[in-house]
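Worksheet: the structure to be examined is printed underneath.
What follows is calculated from the coordinates using simple rules that are stated; it is not laboratory data. Small disclaimer: the values here were computed from a predicted structure and weren't measured. Every residue, glycine among them, receives a Cβ derived from its backbone with ideal geometry; neighbour counts consider all protein chains shown.
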Amino acid sequence: MAATSIPAIHASHSGCWLRDAHEKGIGGTRPVGKGEAIMAAADTPLLMLNAPLVASRLGYPDLSGLDLLELFAFIHPARFMVPTPKGLAQALGLAEPVSDAGVPALLQAAAQALLAVCEDPAWPEREGAWSALQSLVRLRWPWAGLLSPRIAQPSRAERWLFARLPEWEEAPERPQPAQIVLDDAAITARLAELTGSGAEARPAQQAYARAAGAMFSPRGGQRQPHMVLAQAGTGTGKTFGYLAPASLWAERSGGTVWVSTYTKALQRQLRRESRAAFPPDRAAQAGRVGPPVVVRKGRENYLCLLNLEDALQGGFTGRPAIMAQLVARWAAYSQDGDMIGGDLPGWLGTLFRKRGITALTDQRGECVYAGCPHFRKCFIERAARASAGAELVIANHALVMINAARAREPSQRPTRIVFDEGHHVFEAADSTFAAALTGAETVELRRWVIGPEGNQRGRRRGLAARLADVASYDDDGARAIADAREAASALPGDGWLARVVEGEPFGPLEDLLAETRELVLARDESGGQEAGYGLETEAAQLGGSFIETAGRAQEALEALRQPLMRLALRLEALIEDGPDWLDGPARARIEGARGAIGWRTDLIAGWISLLARLGGPGDPEFVDWLALERSEGREWDIGLHRRYLDPMKPFAEAVLAGAHGVMMTSATLTDGAETQSGDWSSAVLRSGAPHLDVRPQVFTAASPFDYARNAEVLIVTDVPRGDIPALANAYGRLIEASGGGALGLFTAIRRLRAVYGRIADRLARGGLPLFAQHVDPIDTGTLVDIFRDDPRASLLGTDALRDGVDVPGHSLRLVVMEQVPWPKPSILHRARRLAHAEKFGGGGQAHDDRIIRARLAQAFGRLIRTGTDKGHFVVLSSAFPSRLLTAFPPGTPVRRVTLDAALQSVAGRVSEGADAPAPASPINETRP
C-alpha cells in the first residue's frame, strides 16, 4: 500500500484539515470541523504528526493513528528532528508547507519518503530493524503492516541491541596531575587557537581567560583552594574563555577538569564547543585511552539495560511495550544512553501519554551492579569509567556536589571545577544538602529494603534477594538483613496517603504524617482560598502529642539504621577478607551495595536528627517546617523538611575543602546594584569561601552588546494586577504586534493556562502558533526546539524558561513578564530574609530586591544572545519599583508606558526592520 493512499489529518488552534486519498494517490485537502475529524480518525487509521498534540487540539484524548513521529523514531533512531511539519520537511528534504492546509499532503509525502528508506540498501540504521519489527508486529503497532513488506529478513542473524553494544574496559588508576603554573602568554595563545586565526581579538575574553587560569595554580595549603569569581556579560565568550586554560592545564598536567552547569541546554552547548579544545587526536598522542570529553549525569538520566530487557520480555504491555521497542532501537545507536536531554528524542516519551521513559531509567536502589548480565555494557558504568580517564568532564551542579560528598576514594573527587551558571550554585546546594522526611521518601526506602509488595511487577527485589549469597555465607550479615526487613515494615507502605487522609494511619511514621497534616491544616490562615496550593507551617510551638509521635517515629528509624550499619560493616569485612566465591563481579556488586547502604544510613540519620530537635530549642544553622504538598487541589505528599540557613556551609566542606581550584562564573553573580558599586560581598558569601577563610579573586567584564541601540525595556502601567482578561488581552496584542517570536514568562501555572486558553485560537488564526508549558503534551526541551525553529511561534512558560534558554536570532525578539517576580513568602525565605538583614542591614527588602533583580536579569538575558539580536523586554506591572531598574544592563532604555504605547513601540521595531528603539519620551528612565 502506498502512503499516499492513506488519508491524513492535521489540527492546530486555527482549525482542522483532512486529506482524503485514493489508491492512485489522488485526493484533496479540505477543512473539517472537530466532530468530523474525530469521526474520521475513529473510522480508519489516519496519518498524523504528534498524535497527543493533535488529540489535544481536537479535545479527544483517545485519538490514535499512524503517527509519523513513531515511524521516524523507528527508521532514524537517535537522530534529531523538530516535531513540527516544518521540522519533518527539513529532516526529510521535502518542501515545507506554506500553510496549515498544506500539512496533510506533506504527511503523505513524508510517510512515503520514510517507508522508501527501508528499501534503500544504504539505510544506515538497518541493523536490528527486522528483529524489532517482528516484535512490533506481535504488538499490533499500526505501522507494522506497512513496514513488513519493505524490510526483508537479513540473510544472517542480526547483532541486535545487547549484542551490538560495546563493552567498557577497565583502566589503571591515573597518577595525580603534575603541578604546573599556566603563564598568560600560553593561555592567550590557546584561546586564539580555539577561536580561530581569523577571529577578531576580544580583549575582554582574553582577560577573562587569564583570570580563569589562576584556579589551576598549585594549592598552597590544605582546605585552601584557589577560587575565582568571574562575572562576564552575555557575549564575552565565557565558554572558550575558561576552556582555553582548562585544556592547557589538562594537557600539561595529565589531570581532569570538571565543568558544571545548572541546565541541560548548556551541557549540550559545552559538548559541541569542547571538541575544539579537547581534540581526540591530541589525547591519543598523549597516551590517553577513551574519549577526552565525557558528559556525566545522575544515574536516573540513563537507560538501564536490565529495565529495558524486562520491558521487552513482557514487563510492559500495550502501548508502553511499543515504546520499549522504539527505545531499544534508539539504545543500539545512542551515543551514551542518556534518556533525559541526550540523543533520545525528547518527544518520544510524550507520544505514549505515560511516564514509561522514567520507568526505563536507572531507579534508586534497584541496580545490582556486577550482578547484572549487562554490567559490562552498562551506559552508566561506561560513563563513570570514561570520566576517570577524561580530560574534561561535563556534569551538573548536583552531581558534582554528590560526587564530592560521597567519594570513597580521594582520586574520585573532582579537584578542578568550573561552575558555569554559577549564580545557581547556592540553590543547587540548598537542594542537595536538604533533608525531607516525607511519605514519598519513606515509601521509597521501604521498597528498597523489602522489595515490591502485593502484585507489583518488577525486579526491585529488596536487600534479601540482592544479597542472598552474602546471607547464605555470613550469619551476622543474614541477621542484619532480617532485622532491617523487620524494621522497614514500620515505614509507610502502598496506600499510605489514603490511610492518612481517612484517619486510619498504620505504624509510627504514618502516625507522624497524619499529625503533620492535621497540624498544617489547623494552622492554615488562607481560609480555604489556597485549596490548590501547598501549605506549610513552622516546626515550632509543637504540642506534647506531636512530640511523642515524633519520638516513636525516631525510634522506628533508629531501629532500621542500626542493622543497616551492621550490614555495611559485614560487607566491608567481606571485601577486605573475601571468601573463595567472591570474584571480581561479586566484589563489584557488594561494593555497590555498600555504597547504597551508606547513602541510606546517612539519609536516615538526617531524618533522626530532624525529629530529635523538634521538642527542643531550634538550631540556628537550620530552618525546619512541616508541609502538605498539593497540586491542582490534589494532595500528593506530606512531610517534615530541613534546610541549612546557609547551604554553602556544607558545600564548602564537601566540595571546596578537597578542591585545588574552583571557578564560579556567570553573567549575574552580582546583581546590577552590586555591580555598579563594585560590591562583591554578597557574591563572596554565596560562594562558600568564607567558611574556609578563603579570599577569592574576582573579575568583571561588561557585555560587548549595544543594549542602548538594540534593546528596550517597557514597563506597562495600565494592566490591572489580577485581571486575567486584561492580562490575556495584553499578551495577545503584544504577540500580534511582534509577529510572534515572543517568550511569555509567568510566576503561576494557573495564570499561564488561563491566558493561553484565551488567546491561542485567535493567534493561530493569524498565523501565529502559540505553545505552552504545562498545557501542550510536549516536554520543555522540545518546546524550546519548536520555538527556536519557527520565527512566528511564541512560547509561554514558567521559571524553567527564565534561565538557560538560548534562542539567538529573530526567533526571540520579545520577552513579556506578567509581573514583577516577587519571591514566594515561604518559611525558608522569611528566615533567610531575616538573616540577610542582620548581616548586611537595610531590612529584609534588600534581600528581596537582590532576588528580584537577579530574576529580571536572567529573564532579560534571554532577549539579546548575539551582537545582532534586537528586541523588547516588557513587564506588565503598574507599580514597578525604580530601585529594581539596575537589573538591566547599563545604557538600556527603560520607559513606563501604556499598553497602546508599548504596542506601537514593538510594532514599530518590526516594521522598521528593528534598526533602532522607539524615540525616547519625557518619562524615559534610561538605565545609567
Report for the chain the percent antiparallel among DSSP-assigned beta bridges with both residues inside it, nearest 5. 35
Would you mind finding the longest exposed-site-free stretch of the chain, with exposed trypsin sites (Lys or Arg not before Pro) meaning DSSP loop and at most 11 other Cβ atoms within 10 Å? 458-928
Got a sec to turn the phi values of the stretch 882-888 into Karplus ³J(HN,Hα) couplings, 6.51 cos²θ - 1.76 cosθ + 1.60 with θ = phi - 60°, whole Hz, x for Gly and Pro? 4, 5, 8, 5, 5, 5, 8
Inter-label distance, nm, simple model (7 Å from Cα along the C-beta direction), residue 898/residue 43: 5.4
Which Cα, out of 698, 253, 808, lies furthest along the positive dipole direction of the chain (beta carbon charges, K/R +1, D/E -1)? 808
Scan the stretch 600-687 for GluC sites (Glu not before Pro) in coil per DSSP, keeping those whose Cβ has at most 13 other Cβ atoms within 10 Å, and list them by number. 621, 632
In whole angstrom, how long is each semi-axis of the equivalent ellipsoid of the stretch 669-741, when you take the square root of 5 times every eigenvalue of its Cα gyration tensor and sort them from largest down? 40, 18, 11
Considering only the stretch 469-644, percent of DSSP beta bridges that pair antiparallel, nearest 5: 100
Residue-averaged 222 nm ellipticity for the chain, from DSSP H runs of 4+ at -39500 (n - 2.57), nearest 500: -13500 deg cm²/dmol
Calculate the radius of gyration of the Cα atoms of the chain to one decimal place, then report Dmax, the largest Cα-Cα distance, as a whole number, both in Å. 29.0, 87
The stretch 707-911, Cα convex hull volume normalised per residue, Å³: 123
What do you get for Rg/Rh over the stretch 578-666 if you use C-alpha atoms and the Kirkwood form of Rh? 1.13
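Can you give the local net charge around residue 75? Use residues other than it whose beta-carbon is closer than 14 angstrom to its beta-carbon, Lys and Arg +1, Asp and Glu -1. Could the numbers behind the result be given before it?
Working: positive: 79, 126, 150, 329; negative: 67, 70, 119, 120, 125, 127.
Its environment carries a net charge of -2.
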Over the Cα atoms of the stretch 3-158, how large are the radius of gyration and the largest Cα-Cα distance (Dmax), in Å? 15.6, 51
What is the stretch 707-911's relative contact order, in percent, from Cα pairs under 8 angstrom and six or more apart in sequence? 37
Using only the alpha carbons of the stretch 469-644, determine the length spanned along each of the three principal axes and report them from longest to shortest in whole angstroms. 67, 35, 25
For each pair in 238/264; 264/377; 86/377; 264/649; 264/824, compute the distance between the two Cα atoms and list the pairs where it is over 29 Å. 86/377
Calculated P(r) tail over 20 Å for the stretch 309-370, as whole % of Cα pairs: 25
Going toward the positive end of the dipole of the stretch 469-644, with +1 on Lys and Arg Cβ and -1 on Asp and Glu Cβ, which of 627, 473, 579 do you reach last? 579
Scattering from the C-alpha atoms of the stretch 542-698 alone, worked out with Debye: what is log10 I(q)/I(0) at q = 0.13 1/Å? -0.95
